[in-house]
1. What pairs can you find where one residue is in segment A:296-316 and of a type in the set (Gly, Ala, Ser), the other is near DNA strand C (Cβ under 9 Å from one of its atoms) and not in a loop (DSSP other than H, G, I, E, B), and their Cβ atoms are less than 9 Å apart, with a gap of 6+ or different chains?
2. Output the residues belonging to segment A:1-59 that are charged (D, E, K, R) and in a strand (DSSP E or B).
3. Counting only residues that are buried (at least 20 other Cβ atoms within 10 Å of the Cβ) and charged (D, E, K, R), how many does segment A:167-191 have?
4. Under 6 Å between Cβ atoms, which residue pairs at least 6 apart in sequence (or on different chains) link something in segment A:20-38 that is among the basic types (Lys, Arg) with a partner that is assigned to a strand (DSSP E or B) and surrounded by fewer than 14 Cβ atoms within 10 Å (Cβ to Cβ)?
5. So the check is Cβ under 7 Å with 6+ separation or different chains; which pairs have a first residue in segment A:42-62 that's of a type in the set (S, T, N, Q) and a second one that's within 10 Å of DNA strand B (Cβ to nearest atom)?
6. Restricting attention to segment A:234-254, report how many residues are under 25 Å from residue A:281 (Cα atoms), in contact (Cβ under 8 Å) with a residue 40 or more places away in the chain and either more than 23 Å from the chain's Cα centre (by Cα) or not in a helix (DSSP H, G or I) (or both).
7. Being under 12 Å from residue A:146 (Cα atoms) and either at pLDDT 95 or above or more than 9 Å from DNA strand C (Cβ to nearest atom) (or both): is that true of residue A:213 here?
8. Kindly check whether there is at least one residue in segment A:264-278 that is away from DNA strand C (no atom under 16 Å from the Cβ), over 22 Å from residue A:397 (Cα atoms) and either at pLDDT below 95 or of a type in the set (A, V, I, L, M, F, W, C) (or both).
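The values are calculated or read from the model by the stated rules, or taken from the named source; none is laboratory data. Remember, it's a predicted structure, so these values are computed and weren't measured experimentally. So basically every Cβ, Gly included, is an ideal-geometry build from the backbone, and we count neighbours across all protein chains shown.
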Amino acid sequence: MFALVDAVAFYASAEKVFDPSIRFKPVVVLTNNDGCICAICPIARKLNIPKFQPYFKVKNYLEQHNVVVRSSNYELYADLSDRMMTVINRFCDDHYVYSIDESFLRFTGFTKIIDDWADYGQTIRRAVWRETGLPVGVGFGTTPTLAKAANHAAKKLSGYNGVAVINDEHSRQAILTRMDVTDVWGIGSRLGKKLKFMGINTAWELACQNPKAMRRMFSVVVERTVSELNGIACLSWDEVKQNKKEIYSTRSFGERVCDITTLKSALVTHAAIVGRKLRDQHSLAKRIVIFAASSPHEEFYYKKSLLYEFPIPTSDTSVMAKAVSDVINDIFKVNTRFYRCGIGAIELESEIFQQADMFSVSEDKPRMMECLDAINKRYGVGTLSIGSEKLTQTWNMKRAFLSPHYTTRWSDIPIIKCN
DNA sequence: TCTGGGGTCCTAGGACCC
DNA sequence: TCTGGGGTCCTAGGACCC
């Protein structure tokens, strides 16, 4: 048995945890640089606010309806995510954190003990709510795709109250027939359109297709999805938990960047983020892409992207920073208003297979990164960083509606006033 | 005044080579 | 005069997710 647990409108709910004054108001959270709307709380959802619309286009509408707007407070969300995952971790023997607000649970030893999954789901929900203040939905299913579907039902369909279980033919049919085909994990708007053209409108109708035929018409991915909807596991647990094959860090600037020093320091910061993520999953990058671009919305679009190959695969931030230095002059172009930039590690291999470098002089390099990670984990990201990250700080994000860092900064600790 | 997210995986098609 | 194959690597862009 699998379960998928995720938070209801995570960013928006996180904003409400330490701010009771907005708890019963419509709240939306914006993406980086206050660009688009990325989270809409259930109260705001009733106003039919479109997700991922540019903020400036719906600003008036939000004001008219007294919607509370918040910038992304990633520090707060990351910390609340940790807390939430720590609680969830108690409830299964195998836990995989899939994204900042979603995690898969697998029950092997537990299966014999638990006879009422719905009740168990409510126990998880209550524990997370009590200990973090975050509302979550819990979906159980015999495959990861069915657990995803049940989770959708738990949060979106009436009569489930936050927990849904697919563990027999009856429950499977009851949920899948009420689910739009585009709400199936892996079926997006594009595939959805084609499927609907073929008369396949619900998840149930998709499940009734011949998997082999789906493979011919679309891809192995759709074939797998059909099988999984029928309770046939195609994604092994190891596959679900697989390491990333590519790791990117990209960001748009709060203000356009026109000078090479600022661009370089931004790229080194991305190198640091990619390096940490590589080390987290014990991977090394053989090659990285380094890119910078102007805005695609402007008349003259400029984009330059370069491949950089390391003689020895690495996850060392300082080595990647050196790569940035090497190529920055080829990427930078004068009189260009840079809008975003980033770094992606695209060819990864496992640390286990690391070739010893015959000419290496600094044997302690990996330990230096270990030390850096440990300090940043303890005292916050950015406590220790590469010198060239700090060359300038002018490219910071635009975050006009930022809430306090309630849980990660002494100065931001919430105060309760008693009269 | 001007403003438009971030991440991962996959594939079609072009460039280049022999 | 006109026509002919197959592999690798790279890039851009599509598709999906939240």
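1. Between residues of segment A:296-316 that are of a type in the set (Gly, Ala, Ser) and residues that are near DNA strand C (Cβ under 9 Å from one of its atoms) and not in a loop (DSSP other than H, G, I, E, B), the close pairs are A:305/A:289; A:305/A:291.
2. A:6
3. 1
4. Cβ pairs passing all conditions: none.
5. So the pair list comes out as A:53/A:36; A:53/A:37.
6. Residues of segment A:234-254 under 25 Å from residue A:281 (Cα atoms): A:234-251.
Then keep just the ones that are in contact (Cβ under 8 Å) with a residue 40 or more places away in the chain; that gives A:234-235, A:237, A:240-241, A:243-251.
Applying the additional criterion that residues be either more than 23 Å from the chain's Cα centre (by Cα) or not in a helix (DSSP H, G or I) (or both) yields A:234-235, A:241, A:243-251.
Here the count works out to 12.
7. No, not satisfied.
8. Within segment A:264-278, one or more residues are away from DNA strand C (no atom under 16 Å from the Cβ), over 22 Å from residue A:397 (Cα atoms) and either at pLDDT below 95 or of a type in the set (A, V, I, L, M, F, W, C) (or both).
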